[in-house]
């Protein structure tokens, strides 16, 4: 009888300990993100589900893959873009950069591409921003990293880089654009029709 009582107490203690560990693990990730000025996976998921709406079913898989490869971003952009191509292509978009340390800022992007490319697309875009030390350092050209186009659960993402700053655009939208191309994305503070 005494052994059963000790065993039950041991199970209760282990259960309570497990509960404390699970609850503090989620809080510690969010606290670490707050302290570093980065965004946690849960914060990105919440923002993405709200932004993408009904098309966000596979967002958790995409965010999990990105976070396991690149860690926590210190900013993200939510916006919309349109693109079209017939051998050469153009992309234009606009959105808002969200940061924890320096507020929200308007962002516009443009980019040319060349290669075997055909079609048009309109999409909602979330761009995760890594290693951003200041907002002005965001406004430049970003080239794609070789082998960095992925499609997970209907959402696509690529990896773009310029120096230490890395962008990971996540897109979902309507239309069809097929091809293999080379290009870059230019981010600016104000809208421009010049993609170069």
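Considering only residues that are at pLDDT below 95 and in a loop (DSSP other than H, G, I, E, B), which ones fall in region 135-163?
Result: 145, 146, 147, 148, 149, 153, 154, 158, 159, 163.
For residue 170, are the conditions met, namely being in a strand (DSSP E or B), in the same structural domain as residue 43 (by TED's automatic domain parsing) and modelled with pLDDT under 75? Can you show your working first?
Working: in a strand (DSSP E or B): yes; in the same structural domain as residue 43 (by TED's automatic domain parsing): yes; modelled with pLDDT under 75: no.
No.
Run down 106, 73 and say which single residue is more than 19 Å from residue 159 (Cβ to Cβ) and either part of a helix (DSSP H, G or I) or modelled with pLDDT of 90 or more (or both). Show your work before the answer.
Values: 73 fails: more than 19 Å from residue 159 (Cβ to Cβ).
So the residue among 106, 73 that is more than 19 Å from residue 159 (Cβ to Cβ) and either part of a helix (DSSP H, G or I) or modelled with pLDDT of 90 or more (or both) is 106.
With 132, 97 as the choices, which residue is in the same structural domain as residue 73 (by TED's automatic domain parsing), under 15 Å from the mean Cα position of the chain (by Cα), buried (at least 19 other Cβ atoms within 10 Å of the Cβ) and not in a strand (DSSP E or B)?
132
The values are calculated or read from the model by the stated rules, or taken from the named source; none is laboratory data. In this text the structure is predicted, and so the values were computed from the model without any measurement. Backbone-built Cβ (ideal geometry, glycine too); neighbour counts: all protein chains shown.
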